[in-house]
Amino acid sequence: MAVDIPQIEDPLETYEHILEHEERDRQPVAVALDNAVKGVGHVVMWANIALIAAIVAQVLFRYLLNQNFPKLDEIQWHFYGAVTMIGISYALVTDSHVRVDLLHMQLSRRSQRIIEVLGILFLLVPLIYLMVDQGWDYFYESYRVNERSDSPTGLPLRWAFKAIIPISFVLLGIAAVARLIHDAHALWVGYEDERPGRGLGVVLMALLAFAVVGFGLSFLVETTEEKLVVAMFITFIALLFTGYPVAWVLSGVGVAYCGLAFLFDNDLMLWTGLEGTLTGLDYLTLGATVNRVYATMSNAVLVALPMFIFMGLMLDESGVAERLMTSMQRLFGKTRGGLAITVTMIGIILAASTGIIGASVVLLGVLSLPAMMQQKYSPRLAAGVVSASGTLGILIPPSIMLVIMADQMALSVGDLFMAAVFPGVIIGGLYLVYIFVISYLKPDVAPVPEGAQSPDWQAVKDVMVAVLPTLGLILAVLGSIFAGICTPTEASGIGALGATLLALGYRKLTLHKLVNVLVSTFNTTAYIFAIFLGATVFSYVLRELGGDALIEHMIAATGLGPNGTILFILFIVFLLGFVLDWIEITLIVLPLMRPIVNALGMDIPGFGVLDEPTLVWFVILVAVTLQTSFLTPPVGFALFYLKGVCPPEIKLLDIYKGIIPFVLLQLTGLALVFLLPALATWLPSVAY
């Protein structure tokens with residue numbers, strides 16, 4: 001998900017537009033390779049439909065026939081593994097991977113091409129070679145012993161599933177070669193009509209600045225391993241500012257520092273003046289990450305990820321948001337700030353269906369901002385309401401972020417979903433109270449539209465017709481989890497089916513829209529999974545270097561006490577949220593915090609039911625903090641999603657100023673959860 005920052009004179013183009021513009025210039029070989037990868041992707045993405053069917057069938061068999069089929073469970077994560085692994089090459093072809101574009105989108109297209117070529121050669125190619133080579137050995141060993149399921153009634157031919165690992169990275173290699181051919185040809189020809197911008201000098205200056213910071217920080221630690229840990233983190237953050245995809249920066253830095261550690265282990269770096277190390281890292285030990293990749297592919301919890309994404313995207317396609325906007329506007333027509341209240345309430349409903357910030361902010365912005373400007377709303381209030389309401393999707397369940405956090409922290413997804421309900425509702429309620437109060441104190445910021453009519457029973461009926469089916473679906477999904485009827489994975493499949501039936505009921509579902517949803521689900525799941533892959537390599541090398549012990553020691557050395565330590569960690573997470581997406585923070589930083597938080601010995605109420613109430617409370621605090629970081633100027637991601645779709649009369653400064661009250665409300669919500677942990681731990685304890 002690229003973030004556009006309009007700081008240069010020429011109109012910024014998204015990567016999709018760039019690719020369309022250059023289609024006539026693409027080389028036949030590159031086009032053929034691209035089409036091959038896309039062709040495979042267009043076939044595999046339909047596995048999401050099969051995944052929905054397998055999940056629903058499992059639930060029906062259990063409750064109607066009192067039967068359980070392990071084969072169906074295994075089929076589910078087989079489909080999930082195929083979709084995610086094949087999807088990473090498709091996402092590379094369509095340039096859908098997450099990147100930090102703070103500098104990248106200011107560069108000329110030629111500079112961007114140079115970065116992409118260097119990134120592929122030095123960051124992506126080493127990962128591809130490792131995974132194809134070690135992945136083949138991993139598959140062949142399984143084939144040699146004719147590995148099958150651990151369950152006697154499970155699926156045979158486990159080796160066939162493991163073959164996906166080398167196959168998917170061969171496809172990724174094909175996609176990388178296609179982009180290399182295209183970029184190399186464009187650099188050779190030197191197209192005159194390519195987008196102008198800054199040269200690579202600004203990137204080199206940023207890298208130099210990070211190198212200086214890293215050099216200074218290296219004096220704060222003593223051993224060579226600790227210095228490598230510091231350098232590894234600084235290298236990762238520095239390379240993010242080149243704009244190369246985060247997933248491949250993670251993996252590339254991991255592979256590079258594995259090689260560097262090998263040189264130190266063998267006393268080949270004594271010329272640096274640093275002592276040798278005993279990390280044990282080398283090519284074969286790094287190959288152990290293949291087994292971790294397989295564990296991620298076969299993770300039953302993460303099967304919920306594409307299903308919740310599919311559910312949210314299908315609800316968007318069904319026109320639910322448009323129906324809600326139209327009907328609620330009539331209901332709140334004569335209320336001051338009625339349109340802003342409508343946007344916030346729709347944001348809460350969308351948050352409980354999409355869970356994707358970019359989608360929610362863009363959809364709310366497209367639907368509401370023109371109407372707000374027409375009704376003479378303050379640009380600041382309009383921008384603040386849309387940005388803040390759109391970010392609720394990261395917190396209010398079913399949130400895909402909470403699914404991943406549960407997996408990384410070894411917690412129950414259901415516990416985290418329930419723990420997030422009160423904090424999410426409280427923050428949404430604070431938004432509504434603020435809008436109501438500011439609209440009456442300053443009538444000019446949210447005037448009543450001219451000709452507005454009082455709501456009648458027809459308006460109430462329209463709202464009920466628009467709201468009830470969607471709320472019914474959300475309550476069915478969350479209620480089945482909370483009541484213990486379904487696992488979160490099963491509930492996600494039922495939600496995906498329910499959203500599809502809802503679109504059919506609204507007569508909005510066509511084959512074209514279904515394909516759009518499948519492609520978007522395929523891409524979104526793939527770029528998240530690619531970061532999983534990169535984080536797997538990065539975190540493995542980091543731990544072997546002793547990074548987790550170093551971080552634990554540094555935080556413990558602050559001497560801030562339990563509450564102070566928690567606040568310090570949240571502050572670090574808040575700062576990291578300025579430059580990293582929630583996915584990287586969840587996959588890299590959050591697992592490192594588990595032993596630290598456990599060692600604090602805090603007495604957080606679990607009401608005699610929750611096994612690890614402190615971790616549940618801590619994860620919700622991190623989730624709220626990340627939501628706040630999405631809103632905070634100058635680099636809050638939600639602000640730039642909004643800037644890409646807002647009317648021209650709303651300036652970037654209006655967005656910055658408009659979001660300040662909502663950031664304060666967010667911090668208020670965070671303070672309430674911090675001071676009253678029961679807001680996060682009471683509901684999960686009651687449910688069980």
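Among the listed residues 257, 244, which satisfies the condition of being modelled with pLDDT of 90 or more, among the aromatic types (Phe, Trp, Tyr), buried (at least 17 other Cβ atoms within 10 Å of the Cβ) and not in a loop (DSSP other than H, G, I, E, B)?
257
So that you can scan it fast, the table gives a plain yes or no per residue for (1) more than 27 Å from the chain's Cα centre (by Cα); (2) among the β-branched types (Val, Ile, Thr); (3) under 19 Å from residue 526 (Cα atoms):
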residue	(1), (2), (3)
55	no, yes, no
58	yes, no, no
67	yes, no, no
91	no, no, yes
97	no, no, yes
106	no, no, no
112	no, no, no
117	no, yes, no
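Identify, please: which residue in segment 1-53 is farther than 24 Å from residue 493 by Cβ and among the small types (Gly, Ala, Ser) and is, among those, modelled with the lowest pLDDT?
Looking at the filtered set, the residue picked out is 2.
Applying the selection to segment 646-658, what residues are farther than 13 Å from residue 378 by Cβ and crowded, with 17+ Cβ neighbours inside 10 Å?
Residues satisfying the conditions are 646, 652, 656.
One line per residue, one yes/no per condition, for (1) within 18 Å of residue 345 (Cα to Cα); (2) surrounded by fewer than 22 Cβ atoms within 10 Å (Cβ to Cβ); (3) at pLDDT 90 or above; (4) out of contact with any helix residue (DSSP H, G or I) (no Cβ under 7 Å at 6 or more places or on another chain):
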site	(1), (2), (3), (4)
409	no, yes, yes, no
415	no, no, yes, no
419	no, no, yes, no
426	yes, yes, yes, no
441	no, yes, no, yes
464	yes, yes, no, yes
467	yes, yes, no, no
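Could you tell me whether any residue of segment 382-401 is under 30 Å from residue 64 (Cβ atoms) and either of a type in the set (D, E, K, R) or in contact with a Cys (Cβ under 9 Å, 6 or more places away or on another chain) (or both)?
No, there is no match, as no residue in segment 382-401 is under 30 Å from residue 64 (Cβ atoms) and either of a type in the set (D, E, K, R) or in contact with a Cys (Cβ under 9 Å, 6 or more places away or on another chain) (or both).
Just give me the residues in segment 274-288 being aliphatic (A, V, I, L, M) and closer than 12 Å to residue 254 by Cα, in sequence order.
281, 286
Inspect segment 413-435 for any residue being without any contact (Cβ under 8 Å) to a residue 60 or more places away in the chain and more than 30 Å from residue 380 (Cα to Cα) and give the result as yes or no.
For segment 413-435, residues without any contact (Cβ under 8 Å) to a residue 60 or more places away in the chain and more than 30 Å from residue 380 (Cα to Cα): absent.
Condition check ((1) in contact with a helix residue (DSSP H, G or I) (Cβ under 7 Å, 6 or more places away or on another chain); (2) among the hydroxyl-bearing types (Ser, Thr, Tyr); (3) surrounded by 20 or more Cβ atoms within 10 Å (Cβ to Cβ); (4) part of a loop (DSSP other than H, G, I, E, B)) across all residues:
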| position | (1), (2), (3), (4) |
| --- | --- |
| 276 | yes, no, no, yes |
| 279 | yes, yes, yes, yes |
| 303 | yes, no, yes, no |
| 310 | yes, no, yes, no |
| 313 | yes, no, yes, no |
| 327 | yes, yes, yes, no |
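Scan segment 584-614 for residues that are surrounded by 21 or more Cβ atoms within 10 Å (Cβ to Cβ), touching a residue at least 60 places away in the same chain (Cβ under 8 Å), farther than 21 Å from residue 246 by Cα and out of contact with any Gly (no Cβ under 9 Å at 6 or more places or on another chain) and report the count.
So the answer is 1.
Applying the selection to segment 482-526, what residues are among the aromatic types (Phe, Trp, Tyr) and either surrounded by fewer than 24 Cβ atoms within 10 Å (Cβ to Cβ) or not in a helix (DSSP H, G or I) (or both)?
Within segment 482-526, 482, 506 meet the criteria.
So residue 623 passes all but one of these: (1) modelled with pLDDT of 90 or more; (2) more than 20 Å from residue 682 (Cα to Cα); (3) crowded, with 22+ Cβ neighbours inside 10 Å. Which condition number does it fail?
(2)
With the checklist (1) farther than 23 Å from residue 291 by Cβ; (2) free of Cβ contacts under 8 Å to residues at least 60 places away in the same chain in hand, flag the one item residue 548 doesn't pass.
Condition (1) is where residue 548 drops out.
Which of the helices (runs of 4 or more DSSP H) contained wholly in segment 620-688 include at least 3 residues that are over 18 Å from residue 360 (Cα atoms)?
652-675, 678-687
The values are calculated or read from the model by the stated rules, or taken from the named source; none is laboratory data. The structure displayed is predicted, hence computed values, not measured ones. No Cβ is skipped: glycine too gets one built from the backbone with ideal geometry, and neighbour counts run over all protein chains shown.
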